[in-house]
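The structure appears below as structure tokens.
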Amino acid sequence: MAQALVDCAKKTSMFDPYAAVDEANAKKKDLERAHLEAPGVLDADRDFPEGFVVDPEVTEQLSQLRIQKINSENQLAVKSRELKVMQDQLVALETQERALEGQIGSLSDTKGSLASRIEFYDLNLEVLVAVKQGQDEIVQDPVTTDYSDAMLVDRSVVEVTNEAITKLGKEKVAILTKIKNFRKNINFMLWEHKFLEETASNLDEHYTDLHMLRVTKSLQSFIKGGDTANKQKVEIEKAEAKLEHMKVQHADKMRKLEKKMNKISHQTDERTAENDRLASQIGQLKGNVEMRESIHRSRFESGDGGGEEDPAQQAAQRMRTITMRRKLIDLARAQTDEIEFLRQELDRLRQRTFPSFAHSNNRVNRAGNMDEIGIY
């Protein structure tokens, strides 16, 4: 069986273009294995130190283990060299593969460009065609017109397309006309319905007004158709007399208001003078307070600047100081209250200078319109 496999491998290697390279590599590996130094057996006199005594069985076992380790290291070195060679071959093959892929890509691009050119020339063959100016619908450029996106269409195709578009347009217009007329009828009916409803509501309101109408003597006389000329003349005379009366009342009211305004202006001047006087009094009071504070401060400082005194005098002096401070505080508080009262009084007097017609307005609202009831 093994011989058959060897024969088959030899027959196969006959057709392998890299068989010579493989045989050279195999011979090189055999030479490397032959050059490897075969490990020898340990010698007790040569390899062991003096005085070191070991059993022969241990020595034999140690020699076998040493031989196995040396053989494994030799094999590892051989495999490492083989791995390095294979890695170099792998890098070379990957480089060659990338180069071939680049060539394949460039060839594919060239093939695609050639195919696109063939297809372009099959569909867009450059032909000189003479057409009329009206049949050329391409937008003309000032210098050179680009016809790359143009298309040459037969006249029959254009006419058939135009007929189809016209037919569809007429059908659409007819449908829209029907919709418009139908909608117009609906809107007219809605308007007519709303008009009738508003007419009925108007008649109902008119009928209600006729029922609720209050019949007076003037209305009765108007209905009977009597002479209204004299009546209108009397009403005009009454209106003129009322107008003259209202003019007199208005002039009287204006005189009273002017008199009252002069009085209020006089009161305003008096209040302004009083306010100025109170303001000057406030300034004088503030000056008195500041003067008293300065006197108290000087007395207090002069009392503390003396020589040494006995405790009784110091206590009496301290008591007098506290009493004086308390009196000054009470006096300042009283003056502050007085100033606040004067300020409130000043505000109240200022408010009195402004005219207020609240009471007169209330009286007018209770009594009614003065022009109608004849007041003033």
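Working carefully through the options 253, 327, find the one that is assigned to a helix (DSSP H, G or I), charged (D, E, K, R) and exposed (fewer than 12 other Cβ atoms within 10 Å of the Cβ).
Just one listed residue meets the conditions, 327.
Of the conditions (1) over 30 Å from residue 257 (Cβ atoms); (2) modelled with pLDDT of 85 or more; (3) not small (Gly, Ala, Ser), residue 345 fails just one. Which one is it?
The number of the failed condition is (1).
Out of 166, 199, 208, I need the residue that is part of a helix (DSSP H, G or I), closer than 30 Å to residue 135 by Cβ and polar (S, T, N, Q). Which one? Break it down into steps so the answer makes sense when it comes.
Values: 199 fails: closer than 30 Å to residue 135 by Cβ; 208 fails: closer than 30 Å to residue 135 by Cβ.
The match here is 166.
Could you please tell me which pairs satisfy a Cβ distance under 8 Å, a separation of 6+ or placement on different chains, a first residue in segment 134-160 that is farther than 14 Å from residue 124 by Cβ, and a second residue that is outside any helix (DSSP H, G or I) and of a type in the set (Gly, Ala, Ser)?
138/150
Which residue, of 190, 210, is over 59 Å from the mean Cα position of the chain (by Cα), not hydroxyl-bearing (Ser, Thr, Tyr) and not assigned by TED's automatic domain parsing to the domain that holds residue 345?
210
Got a number for residues in segment 86-142 being at pLDDT 90 or above and either touching a Pro at 6+ places or on another chain (Cβ under 9 Å) or in a loop (DSSP other than H, G, I, E, B) (or both)?
Adding up the residues that qualify gives 0.
What is the one condition in (1) closer than 30 Å to residue 131 by Cβ; (2) not in a helix (DSSP H, G or I) that residue 156 does not satisfy?
Unmet for residue 156, out of (1) closer than 30 Å to residue 131 by Cβ; (2) not in a helix (DSSP H, G or I): (2).
The values are calculated or read from the model by the stated rules, or taken from the named source; none is laboratory data. Please read these numbers as outputs of a predicted model, since none were measured by experiment. Note that each Cβ is placed from the backbone with ideal geometry, even for glycine, and that neighbours are counted across all protein chains shown.
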